[in-house]
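First comes the structure, then the notes that go with it.
FYI, it's all coordinate maths here, none of it is from the lab. All figures in this text were calculated on a predicted structure; none of them were measured in a lab. Because the Cβ atoms are built from the backbone with ideal geometry, glycine has one as well, and the counts that use them run over all protein chains shown.
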């Protein structure tokens, strides 16, 4: 029980910020391109409490930690409202709004990699092990969220990026898949296809992090 409590305490900070700042980034970029919907709803904030979803940010990540003995993490926050019709150039600007979330996760993964490198280089102390574990979780959760959200399945960010890049007729037809996006994602998850696709990608990203920051893979 003590080990479980320690794991939850260590994972809480990187998980909450990975999930909530992903959503906040969408709002910041949407405001930059003319959509004030998230700002008017008070969702453009670095305060995690404004983005936490009871199920997606707390119950699901904690349950996954318990079921996988801390080997996998996943979750979500309350989606930031974006009205793509209010963007100055909806189709073009959709790309940047959608890419902002995965971009924020990549940025946070790099920050946690820097923390891990610092911990490995610093003299050992009572905080070394928990900080290294926290940084390790921070890298993993952010890479998972980035890779997952870049899948070209509407309404995931990768799906919206694809809509922004496709010619108008193809984009319109592709966007019609959005109501089926999450059922498709669940099907890929439970059939093992999602793990087979993301596993090598995440392994490669983690390896590149280790090479760039020169820490133990």
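Descriptive notes on the structure:
- Sorted on the mean count of surrounding Cβ atoms within 10 Å across their residues, most packed first, peptides 89-102, 126-139, 201-214 read 89-102, 126-139, 201-214.
- With respect to the chain, whose longest principal axis is taken over its alpha-carbon atoms, helix 90-121 is tilted by about 10°.
- Cα centroid of segment 8-29 to Cα centroid of segment 157-210, whole Å: 20
- Among 59, 82, the order by Cβ neighbours within 10 angstrom, fewest to most, reads 59, 82.
- Here the Kirkwood formula puts the hydrodynamic radius of the chain at 18.2 Å, using every distinct Cα pair.
- Computed from Cα positions, the angle between helix 128-149 and the longest principal axis of the chain comes to roughly 20 degrees.
- In plain terms, the residue of 106, 156 with the fewest other Cβ atoms within 10 Å comes first and the most crowded comes last, giving 106, 156.
- For segment 156-206, Kirkwood radius (reciprocal of mean inverse C-alpha pair distance, Å): 12.4
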